[in-house]
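The values are calculated or read from the model by the stated rules, or taken from the named source; none is laboratory data. All values reported here derive from a predicted model rather than from experimental measurement. As a convention, Cβ positions derive from the backbone with ideal geometry for all residues, glycine included, and neighbour counts pool all protein chains shown.
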Amino acid sequence: MKQNEYLELGLINCLRVDRHTPHGIFLMAVDGHDVLLPQAYVTDEMVEDSLLEVFLYTDSEDRLIATTLKPTAMLDEFALFEVVDVAPFGAFVNWGLMKDLLVPNMFQKEPFKVGEKRFLRVVYDERTHRLVGTEKLGDFFERRVKGLTPNMEVQIIVISKTPLGFKCIVKGKYEGLIYHNEIFENINLGDERTAYVKTIRKDGNIDLTLRKPGSKQSGGSTDKIIELLKQNNGVLPYNYKSDAELIKEVFGLSKKEFKRSLTNLQNDGKIEVKDTGIYIKG
């Protein structure tokens, strides 16, 4: 470990144990500035001149403070947070530290409610010199997409649901969208997935799909139907006429893929489809 040159708010710092006090130990950077690690986090192994990795944030009185706990997200990182309290000036979310993270009203898209989960970025607020959360992520996305091409595999994080589909962060810096008619499985905010680039639009937004290009995935679809049949005593109350939304919810398939899979399974003699449902054979 290499000692930090200076104290860095919102990040993991490697600092030298300088001195012990009744309130905790003071940790020092190379430039001579120090910060308190409260007694609650001090252990016998933290001897003078040893190096220690800690996270730096501000306490309830806006003083710089250290902790051995790691937050849900650090400065400039994204994560899904649970709302634990609301106030006239903003809301507080749990980020794994003693002091909750404030999301000021001006950084909320819609008023927060206790118990909700919101996808946020941890940022430095120039006005208050504090770490805060923001739900307004548009300004943080890069609009000049580099190194991505159609059909390329990318890592995404699902950040919000819209009337068109689910917005995603692509490779940690671009904005993407999976349209509702492209989704045939359950998706939740905060999910980390592998997706594929469909189109890169002129505005820098990226259209995505969860299905590998050129793959019909019929093998996986038929296996899924058989597995569900086995879990339900060989009978499922669905057929070719079942509602498309119900098929999507139960099987994670489009109706077209579902019907194709039923036909393949019938042709292979593995199932029988009647008005009353699907029946496994053998």
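Can you report the number of residues in segment 230-282 which are in a loop (DSSP other than H, G, I, E, B) and either out of contact with any helix residue (DSSP H, G or I) (no Cβ under 9 Å at 6 or more places or on another chain) or farther than 26 Å from Glu182 by Cα (or both)? Before you say what the answer is, go through the steps one by one.
Quick first cut of segment 230-282, residues in a loop (DSSP other than H, G, I, E, B) only: 232-234, 237-243, 252-254, 268-270, 275-276, 281-282.
Then keep just the ones that are either out of contact with any helix residue (DSSP H, G or I) (no Cβ under 9 Å at 6 or more places or on another chain) or farther than 26 Å from Glu182 by Cα (or both); that gives 232-234, 237, 241, 268-270, 275-276, 281-282.
Total meeting the criteria: 12.
Across segment 178-195, which residue is farthest from Lys256 (Cα to Cα) among those that are at pLDDT 90 or above and crowded, with 19+ Cβ neighbours inside 10 Å?
Only one residue fits best here, namely Ala195.
When the residues of segment 1-58 are filtered to those that are part of a strand (DSSP E or B) and aromatic (Phe, Trp, Tyr), which remaining residue is surrounded by the most Cβ atoms within 10 Å (Cβ to Cβ)? Spell out the reasoning first.
So in segment 1-58, the residues part of a strand (DSSP E or B) come out as 12-21, 24-28, 34-38, 51-58.
Pick out the ones that are also aromatic (Phe, Trp, Tyr) and you get 26, 55, 57.
Details: Phe26: 17, Phe55: 21, Tyr57: 23.
Here the residue is Tyr57.
Restrict the check to segment 62-72 and report whether at least one residue is loosely packed, with under 14 Cβ neighbours inside 10 Å, out of contact with any helix residue (DSSP H, G or I) (no Cβ under 9 Å at 6 or more places or on another chain) and in a loop (DSSP other than H, G, I, E, B).
Within segment 62-72 (the criterion being loosely packed, with under 14 Cβ neighbours inside 10 Å, out of contact with any helix residue (DSSP H, G or I) (no Cβ under 9 Å at 6 or more places or on another chain) and in a loop (DSSP other than H, G, I, E, B)), the answer is yes, since at least one residue qualifies.
Has segment 60-71 got any residue that is at pLDDT 95 or above and touching an Asp or Glu at 6+ places or on another chain (Cβ under 6 Å)?
There is at least one residue in segment 60-71 that is at pLDDT 95 or above and touching an Asp or Glu at 6+ places or on another chain (Cβ under 6 Å).
Have a look at Glu245, Glu249 and point out the one that is exposed (fewer than 12 other Cβ atoms within 10 Å of the Cβ) and either within 35 Å of the chain's Cα centre (by Cα) or hydrophobic (A, V, I, L, M, F, W, C) (or both).
Details: Glu249 fails: exposed (fewer than 12 other Cβ atoms within 10 Å of the Cβ).
Going through Glu245, Glu249 in turn, the sole match is Glu245.
On the basis of being outside the structural domain of Val123 (by TED's automatic domain parsing), farther than 16 Å from Leu64 by Cα and not acidic (Asp, Glu), does Val35 make the cut? Steps first, please.
Values: outside the structural domain of Val123 (by TED's automatic domain parsing): yes; farther than 16 Å from Leu64 by Cα: no; not acidic (Asp, Glu): yes.
Answer is no for this residue.
Quick grid of which residues meet (1) in the same structural domain as Val93 (by TED's automatic domain parsing); (2) surrounded by 13 or more Cβ atoms within 10 Å (Cβ to Cβ); (3) among the polar types (S, T, N, Q):
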| position | (1), (2), (3) |
| --- | --- |
| Lys113 | yes, no, no |
| Phe119 | yes, yes, no |
| Leu131 | yes, yes, no |
| Lys146 | no, no, no |
| Pro150 | no, no, no |
| Gln155 | no, yes, yes |
| Ile159 | no, yes, no |
| Gly165 | no, yes, no |
| Lys171 | no, yes, no |
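Here is a yes/no grid of residues against (1) without any contact (Cβ under 8 Å) to a residue 12 or more places away in the chain; (2) part of a strand (DSSP E or B); (3) hydroxyl-bearing (Ser, Thr, Tyr):
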{"position": "Leu120", "(1), (2), (3)": "no, yes, no"}
{"position": "Val123", "(1), (2), (3)": "no, yes, no"}
{"position": "Arg127", "(1), (2), (3)": "yes, no, no"}
{"position": "Lys146", "(1), (2), (3)": "yes, no, no"}
{"position": "Pro150", "(1), (2), (3)": "no, no, no"}
{"position": "Val154", "(1), (2), (3)": "no, yes, no"}
{"position": "Ile187", "(1), (2), (3)": "no, no, no"}
{"position": "Tyr196", "(1), (2), (3)": "no, yes, yes"}
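I need the full set of residues from segment 111-129 which are under 19 Å from the mean Cα position of the chain (by Cα) and acidic (Asp, Glu), in order please.
Glu116
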